[in-house]
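S.K.: Below is one structure. I have some questions about it.
The values are calculated or read from the model by the stated rules, or taken from the named source; none is laboratory data. Keep in mind that what you see is a predicted model, and the values were worked out from it rather than measured. Note that we place each Cβ from the backbone using ideal geometry, even for glycine, and neighbour counts take in every protein chain shown.
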Amino acid sequence: RGSKTIHDAHELFTEVPELLKSPFKRWIWKTIGKMTMKGFDSRITVNHSLAMILGDAYGCAFTPIRNLPIDKELSTAKLEFQRPYIWYQGVLNQGRGLEEMITAMTSLPDFDLRIAGEGDRSLTLRHLAEKSKAKDRIHFQGWMHPSDMHSWASNAWLGINLLDDSASNYYYSLANRTFDYVHAELPALHMDFPEYRTIIEKYGVGELLTDLSSDCIVSTIQNLMADTHKYNQYRTACKKVKEGLTWKSESEKIMDVLKTL
């Protein structure tokens, strides 16, 4: 009693794919939000899009605070590998574009695909990969320590951050791996969704994918392979901007919120 409270919204929870299939559960969570949100002394979320959407939905202000990496030295040791590889790190859930990426690998013979993480699609994705003609070039690396993940990311040719737009939670997301890739100086392929478009237009650290299809993935990657100058520009941009995209600077916004309580 008497304590100050802050609500931290990491996503549009009522719009996650799992809840879209359960209207009653979704209604319950929406009702809880409407009943409780204004009772918090302050509210924060992970990007500007969500701050606007949640603010409109609940009639109260949300402060956007991005979840940026901590500025610390992580391993960038050179790894031995047969071919350049495309890299994904994160949870293996529905709507992450991994099925499309696995299918695309048959048309990208110059690359391996390495997937770090596990999730409720782990078994399905492994079965899909096993049926692929590219199965020998698709590697599941399971859960990894953050420092090991950073090392693998820093040795990759391209990072992927592919998402399905059928769920608003994905469409308005700003995944942590966006900035993890930048800190690994790894150009990445992101969906042409609002927050990723803002990042790419401002910092020039990768490409935007206009359509989540295997054909679009293949053509985008092939075009980038053919344009060495553009690819090197993305690498240089990652190295240049990563120092300004750290938790040290973003955490100042938390202090500003605390001062208002």
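S.K.: Mind checking which residues of region 185-222 are in contact (Cβ under 8 Å) with a residue 60 or more places away in the chain, within 14 Å of the chain's Cα centre (by Cα) and within 22 Å of Ser154 (Cβ to Cβ)?
M.R.: The one that is in contact (Cβ under 8 Å) with a residue 60 or more places away in the chain, within 14 Å of the chain's Cα centre (by Cα) and within 22 Å of Ser154 (Cβ to Cβ): Leu186.
S.K.: Restricting the search to region 96-129, which residues are surrounded by fewer than 17 Cβ atoms within 10 Å (Cβ to Cβ) and among the β-branched types (Val, Ile, Thr)?
M.R.: Thr106, Thr124, listed by residue number.
S.K.: Take the residues in region 21-48 that are closer than 15 Å to Ser173 by Cβ and touching a residue at least 60 places away in the same chain (Cβ under 8 Å); name whichever of them is surrounded by the fewest Cβ atoms within 10 Å (Cβ to Cβ). Give the steps one after another, and end with the answer.
M.R.: Of the residues in region 21-48, the ones closer than 15 Å to Ser173 by Cβ are 45-48.
Narrowing the set further to residues that are touching a residue at least 60 places away in the same chain (Cβ under 8 Å) leaves 46-48.
Values: Val46: 22, Asn47: 20, His48: 16.
Result: His48.
S.K.: Follow-up. Condition check: closer than 24 Å to Gly117 by Cα and either in the same structural domain as Leu108 (by TED's automatic domain parsing) or in contact with a Phe, Trp or Tyr (Cβ under 8 Å, 6 or more places away or on another chain) (or both). Does Asn232 satisfy that?
M.R.: On the way: closer than 24 Å to Gly117 by Cα: no; either in the same structural domain as Leu108 (by TED's automatic domain parsing) or in contact with a Phe, Trp or Tyr (Cβ under 8 Å, 6 or more places away or on another chain) (or both): yes.
So Asn232 does not fit the description; no.
S.K.: Within the bounds of region 243-258, is there any residue that is loosely packed, with under 14 Cβ neighbours inside 10 Å, more than 23 Å from Asp110 (Cα to Cα), over 20 Å from the mean Cα position of the chain (by Cα) and of a type in the set (A, V, I, L, M)?
M.R.: Within region 243-258, one or more residues are loosely packed, with under 14 Cβ neighbours inside 10 Å, more than 23 Å from Asp110 (Cα to Cα), over 20 Å from the mean Cα position of the chain (by Cα) and of a type in the set (A, V, I, L, M).
S.K.: Something else about it: Examine region 155-167 for a residue that is crowded, with 19+ Cβ neighbours inside 10 Å, hydrophobic (A, V, I, L, M, F, W, C) and in a helix (DSSP H, G or I), and state whether such a residue exists.
M.R.: Checked region 155-167: no residue is crowded, with 19+ Cβ neighbours inside 10 Å, hydrophobic (A, V, I, L, M, F, W, C) and in a helix (DSSP H, G or I).
S.K.: Output the residue which, of all residues in region 204-242 that are of a type in the set (A, V, I, L, M) and touching a Cys at 6+ places or on another chain (Cβ under 8 Å), is surrounded by the most Cβ atoms within 10 Å (Cβ to Cβ).
M.R.: Step one: of region 204-242, the residues of a type in the set (A, V, I, L, M) are 205, 208-209, 212, 217-218, 221, 224-226, 237, 241.
Imposing the further condition that a residue be touching a Cys at 6+ places or on another chain (Cβ under 8 Å) reduces the set to 205, 209.
On the way: Val205: 28, Leu209: 24.
Only one residue fits best here, namely Val205.
S.K.: Yes or no: Asp148 in contact (Cβ under 8 Å) with a residue 60 or more places away in the chain, more than 22 Å from Val16 (Cβ to Cβ) and assigned to a helix (DSSP H, G or I)? Please lay out each step first, then the result.
M.R.: Working: in contact (Cβ under 8 Å) with a residue 60 or more places away in the chain: yes; more than 22 Å from Val16 (Cβ to Cβ): yes; assigned to a helix (DSSP H, G or I): yes.
Criteria met by Asp148.
S.K.: Given the condition of a type outside the set (Lys, Arg), closer than 13 Å to Met101 by Cβ, at pLDDT 95 or above and crowded, with 19+ Cβ neighbours inside 10 Å, answer yes or no: does some residue in region 191-203 qualify?
M.R.: Filtering region 191-203 down to residues of a type outside the set (Lys, Arg) leaves 191-196, 198-201, 203.
Next cut, closer than 13 Å to Met101 by Cβ only: 191.
Next cut, at pLDDT 95 or above only: 191.
Now narrow it down to the ones that are crowded, with 19+ Cβ neighbours inside 10 Å: 191.
For region 191-203, residues of a type outside the set (Lys, Arg), closer than 13 Å to Met101 by Cβ, at pLDDT 95 or above and crowded, with 19+ Cβ neighbours inside 10 Å: present.
S.K.: The conditions are (1) closer than 20 Å to Leu92 by Cα; (2) among the hydrophobic types (A, V, I, L, M, F, W, C); (3) part of a helix (DSSP H, G or I), and Leu224 fails exactly one of them. Which is it?
M.R.: (1)
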